[in-house]
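What follows is a set of notes on a single structure, which appears directly below.
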Amino acid sequence: MAIITIFLPNQKENSNKMDFVQEPPSSLPIDSRGYKPEVYSPGNVVIEVRNLTKTYTMGPTLINALKDVTMDIYRGEYLSIMGPSGSGKSTLFNMIGALDKPTKGEVYLDNILLSSLDQREIAYIRSRKVGYIFQTFNLIGQFNALENVTLPMIFAGLPKSEYTGKGMVILEEVGLGDRYKHKPHELSGGQQQRVAIARALANDPSIILADEPTGNLDLTTGKDIIGLFKGIQEKRGVTFVVNTHDQKMLSNSDRIIWFEDGSIKRIRFRPEVGIEEGTIESKVQFEKN
Ligand SMILES: Nc1ncnc2c1ncn2[C@@H]1O[C@H](COP(=O)(O)OP(=O)(O)O)[C@@H](O)[C@H]1O
Ligand SMILES: [Mg+2]
């Protein structure tokens, strides 16, 4: 099978990354617990969001789901996006994952302006650069775990001699090597989410986007899934962007961005908000506004 190669155009020559550099936390010593100087440097930005606005039209009503959002995401960080239901988290997920188009503003992924790409190029980005994880797992019910995981590899042109073995290795990585023949309805919620994680890793993406990945799981299973994310992040160096409205799921974050009503409310490093790494008990503290 032919391997498809696409050369992505429109690489930015002069990035405006310096416009919006995350400041180191002033109140904390710079150490390895939260602020990682090698990660949070202007040259290490993987996603730039600039003045992003998304307005949905519902009959005569306009819904401003995102309002002029500007932020950077750094290569190799674990970023949590927090905010109440309806604050715009999933809309942001769709925009940075090239699943939907903004009304205004830009998203650059690896310096590539997403809105400048055609359908074929967008499909390439979606299958190779980004791995998606959803609250409802979104597995294909008729396929077993291994078939769900290998499907994106088949779309990417990997031969059967490679994709079966690779799929098994990834299923082992998420702790499901012995469940490869099981279909989704033969797996627990936590196991289904592990299959979805394996599928997200299929083509070795540099970014994993997860939208409320623990929303359908009990607390302990949710914590296991978040722990698995952390292990994958450390082993593969992959960037994680995880939407959650649950404070208890923040303990693996390097950085947390709070959304409210379509806008960024605050950005903090985890140690700044009093959350211990690896705990579920959080004593989130921050100043008002
Ligand atoms: N496809 C859509 N059409 C119309 N309104 C939408 C659509 N998707 C989201 N919204 C609205 O946009 C706002 C933000 O939604 P969303 O991004 O899903 O928030 P969150 O993920 O934080 O719960 C909400 O008011 C929601 O009702
Ligand atoms: Mg949502």
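The values are calculated or read from the model by the stated rules, or taken from the named source; none is laboratory data. No experiment lies behind these values; they were computed from the predicted model shown. Neighbour counts are summed over all protein chains in view; Cβ atoms, including those assigned to glycine, are modelled from backbone coordinates with ideal geometry.
Of PHE7, PHE20, all but one fail to be surrounded by fewer than 18 Cβ atoms within 10 Å (Cβ to Cβ), closer than 22 Å to SER206 by Cβ, at pLDDT below 50 and aromatic (Phe, Trp, Tyr); the exception is PHE20.
Restricting to segment 54-78, give me the number of residues that are more than 16 Å from ligand 2 (Cβ to nearest atom), part of a strand (DSSP E or B) and not basic (Lys, Arg). Let's see the steps before the verdict.
Going residue by residue through segment 54-78, those that are more than 16 Å from ligand 2 (Cβ to nearest atom) are 55, 57-62, 67-68, 70-78.
Going one step further and asking which of them are part of a strand (DSSP E or B), we end up with 55, 57-58, 61-62, 67-68, 70-74, 78.
With not basic (Lys, Arg) added as a condition, the list becomes 55, 57-58, 61-62, 68, 70-74, 78.
Number satisfying all stated conditions: 12.
Answer yes if at least one residue in segment 102-112 is within 13 Å of ligand 1 (Cβ to nearest atom), of a type outside the set (Val, Ile, Thr) and in contact (Cβ under 8 Å) with a residue 40 or more places away in the chain, and no otherwise.
Within segment 102-112, the subset within 13 Å of ligand 1 (Cβ to nearest atom) is 102-103.
Next cut, of a type outside the set (Val, Ile, Thr) only: 102.
Next, from what is left, pick out any that are in contact (Cβ under 8 Å) with a residue 40 or more places away in the chain: 102.
Yes; the residues of segment 102-112 include at least one that is within 13 Å of ligand 1 (Cβ to nearest atom), of a type outside the set (Val, Ile, Thr) and in contact (Cβ under 8 Å) with a residue 40 or more places away in the chain.
Residue pairs whose Cβ atoms lie under 8 Å apart, sitting 6 or more positions apart in sequence or on different chains, and linking a residue in segment 70-93 that is at positive phi to a partner that is of a type in the set (S, T, N, Q) and more than 9 Å from ligand 2 (Cβ to nearest atom), are GLY76/ASN44; GLY76/GLN233; GLY76/THR239; GLY88/SER263.
For the criterion of being part of a loop (DSSP other than H, G, I, E, B) and touching a helix residue (DSSP H, G or I) at 6+ places or on another chain (Cβ under 7 Å), ASN243 fails. When restricted to residues that are more than 16 Å from ligand 2 (Cβ to nearest atom), closer than 24 Å to GLU212 by Cβ and aromatic (Phe, Trp, Tyr), segment 128-156 contains 1.
Reported count of residues in segment 62-92, each being of a type in the set (Ser, Thr, Tyr) and over 21 Å from GLY105 (Cα atoms), is 3.
From THR70, THR91, THR150, grab the single residue that is in contact with a strand residue (DSSP E or B) (Cβ under 9 Å, 6 or more places away or on another chain) and surrounded by 20 or more Cβ atoms within 10 Å (Cβ to Cβ). Let's see the steps before the verdict.
Details: THR70 fails: surrounded by 20 or more Cβ atoms within 10 Å (Cβ to Cβ); THR150 fails: in contact with a strand residue (DSSP E or B) (Cβ under 9 Å, 6 or more places away or on another chain).
Criteria check complete, one pass: THR91.
Count of segment 97-111 residues, restricted to those that are in a strand (DSSP E or B) and surrounded by 19 or more Cβ atoms within 10 Å (Cβ to Cβ), is 3.
May I ask you to list the residues in segment 53-64 that are in contact with a strand residue (DSSP E or B) (Cβ under 9 Å, 6 or more places away or on another chain) and either surrounded by fewer than 22 Cβ atoms within 10 Å (Cβ to Cβ) or aromatic (Phe, Trp, Tyr) (or both)?
Restricting attention to segment 53-64, the residues satisfying the condition of being in contact with a strand residue (DSSP E or B) (Cβ under 9 Å, 6 or more places away or on another chain) are 53-57, 62-64.
Correct list: THR53, THR55, TYR56, THR57, LEU62, ILE63, ASN64.
Selection within segment 191-230: residues that are among the basic types (Lys, Arg) and free of Cβ contacts under 8 Å to residues at least 60 places away in the same chain. The member of this set that is surrounded by the most Cβ atoms within 10 Å (Cβ to Cβ) is ARG194.
Filtered by the rule that a residue be within 16 Å of ligand 2 (Cβ to nearest atom) and either at pLDDT below 95 or under 17 Å from the mean Cα position of the chain (by Cα) (or both), segment 203-221 gives LEU209, ALA210, ASP211, GLU212, PRO213, THR214, GLY215.
Within the span defined as segment 32-45, one or more residues are at pLDDT below 95 and of a type in the set (Phe, Trp, Tyr). Please count how many residues of segment 248-268 are within 16 Å of ligand 2 (Cβ to nearest atom) and assigned to a helix (DSSP H, G or I). Residues that pass the stated criteria total 1. GLY175 passes every criterion in (1) away from ligand 1 (no atom under 16 Å from the Cβ); (2) part of a loop (DSSP other than H, G, I, E, B); (3) closer than 26 Å to ILE47 by Cα apart from (3). Test VAL49 against the stated conditions and say whether it is under 20 Å from the mean Cα position of the chain (by Cα) and either surrounded by fewer than 18 Cβ atoms within 10 Å (Cβ to Cβ) or within 16 Å of ligand 2 (Cβ to nearest atom) (or both). Against the criterion (under 20 Å from the mean Cα position of the chain (by Cα) and either surrounded by fewer than 18 Cβ atoms within 10 Å (Cβ to Cβ) or within 16 Å of ligand 2 (Cβ to nearest atom) (or both)), VAL49 does not qualify.
Reported count of residues in segment 207-238, each being more than 20 Å from LEU66 (Cα to Cα), touching a Gly at 6+ places or on another chain (Cβ under 6 Å) and outside any loop (DSSP other than H, G, I, E, B), is 2.
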